[in-house]
Every structure is written in C-alpha cells, then in structure tokens.
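Here is the structure we will look at, set down as structure tokens.
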Amino acid sequence: MESFFLTFPTVAIAELGDKTQLVVLFLAARFKKPRAVLAGLLLGAAANAAVAVVGGALLDRLLPAGLLEWLVALLFLFIGGWILFGHEHTDETPPPVSSHGAFLTTLWLFFIMEMGDKTQLATVALAAGLPSAAWVFAGAALGLAAANVPALWLGHRFASRLPHGLLHRLSAFLFIAVGLALIVQRLAL
C-alpha cells in the first residue's frame, strides 16, 4: 500500500493544470455524454499507467531521445488542423455524436496525450523505485482520474452555454497550441 499512497498524490498533483484537463473539459462539452467520456478517461488513464509501469523503461531504451515527444507534438498539430479544416459540418449542424464515439475519442486522446508526459515519467520512476508495481499502477491510474474528473464535470455542466462552432474552433486551436508548445519545448532542450 505504501506504493499506492506515494504514487496517487504524486501523479494527481503533477496532473493539475495539465493540458489533458482542458481536453477532457472540451470533450465533455462537445460530446455531452459524461458517462462515455468518463469511461474513456478511466480506461485511458489505466492504459497509460500500465504502459508506464510495464513498458515505459523499455520504450525509453528503444526510441532515440526525444522522438516520442516529437511524434506526439506532430500528432497534435495534425488533429488540430483536421478539426479546424477537415470536417463537413457547419456551426448550425453539429456532427452526429454517438456514445461509442465519445468513449473511443476520449480513450485515444487521453492515452496519447499522457504518453511521455510528466505524470507518465513520474510513474516510470516510481515503478522503478517502489516495491509494488501493482500498487504503483493503481495509484497512477486513480491519480490521473482524480485530477481530470472535475474538468469532465465542468465541461458537461456548462456545455449548453457554449455555441457548438465556438467549441469546435477552440478545441482545434487547443490541439494546435499544445502541438506548438511541445515543439517549442523540444527545441529548447
């Protein structure tokens, strides 16, 4: 249990103010399906924690330094451009959204956004130094969830007050901004 009680607050605090919280807020407002977004968030957090605990160190050895961060940055730019320019829906006709789409979108984005993030790196370090990988996994997954569930609630609560077109453009610019910030961060190293 010591591993859990060290990992949970470490990951939850590291996640506060992270870009993932903004994306969860936008996804909750966009899809208006809080249960599906929550399920995607929880599974994405668990999957990311598992990768960090089981395979994080291996990926770090196999990929050249910084490659993962570059790939994530480029993916964010691509997704932002696709959201902004690659859709056929107007402000008046929002795209149809199913609960399945909300779940998979949240799962995929949450998982990808946390790859190489400070919380994943912290989880890798904790898993290497603490006695129980299973408790590190539980603490990391629940820490990620605990930090992001309030953003989900806010997004769902205030979704009706946000125009769909504005939300669409804001989410596109958010992805582009995150991608550019990641590139600037990589260039500064």
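The values are calculated or read from the model by the stated rules, or taken from the named source; none is laboratory data. Predicted, not measured: the structure shown is a model, and the values here were computed from it. Note that we place each Cβ from the backbone using ideal geometry, even for glycine, and neighbour counts take in every protein chain shown.
Kindly list the number of the only condition in (1) at pLDDT below 80; (2) assigned to a helix (DSSP H, G or I); (3) not basic (K, R) that fails for A52.
In the conditions (1) at pLDDT below 80; (2) assigned to a helix (DSSP H, G or I); (3) not basic (K, R), A52 misses (1) alone.
What residue, among those in region 6-42 that are assigned to a loop (DSSP other than H, G, I, E, B), touching a residue at least 40 places away in the same chain (Cβ under 8 Å) and within 13 Å of the chain's Cα centre (by Cα), is farthest from A138 (Cα to Cα)?
Within region 6-42, the first condition is being assigned to a loop (DSSP other than H, G, I, E, B), and the residues that meet it are 16-18, 32-33.
When the remaining residues are screened for being touching a residue at least 40 places away in the same chain (Cβ under 8 Å), the result is 16, 18, 32-33.
When the remaining residues are screened for being within 13 Å of the chain's Cα centre (by Cα), the result is 16, 18.
Details: L16: 18, D18: 20 Å.
Among those residues, the one meeting the criterion is D18.
Quick check on L25: is it farther than 16 Å from Q120 by Cβ, at pLDDT below 90 and not β-branched (V, I, T)?
On the way: farther than 16 Å from Q120 by Cβ: yes; at pLDDT below 90: yes; not β-branched (V, I, T): yes.
Yes; evaluated as a whole, the condition is true for this residue.
Could you list all residues from region 137-173 that are surrounded by fewer than 20 Cβ atoms within 10 Å (Cβ to Cβ), under 17 Å from the mean Cα position of the chain (by Cα) and at pLDDT 80 or above?
Listed by number, the residues that qualify are L142, A146, V149, P150, W153, L154, F173.
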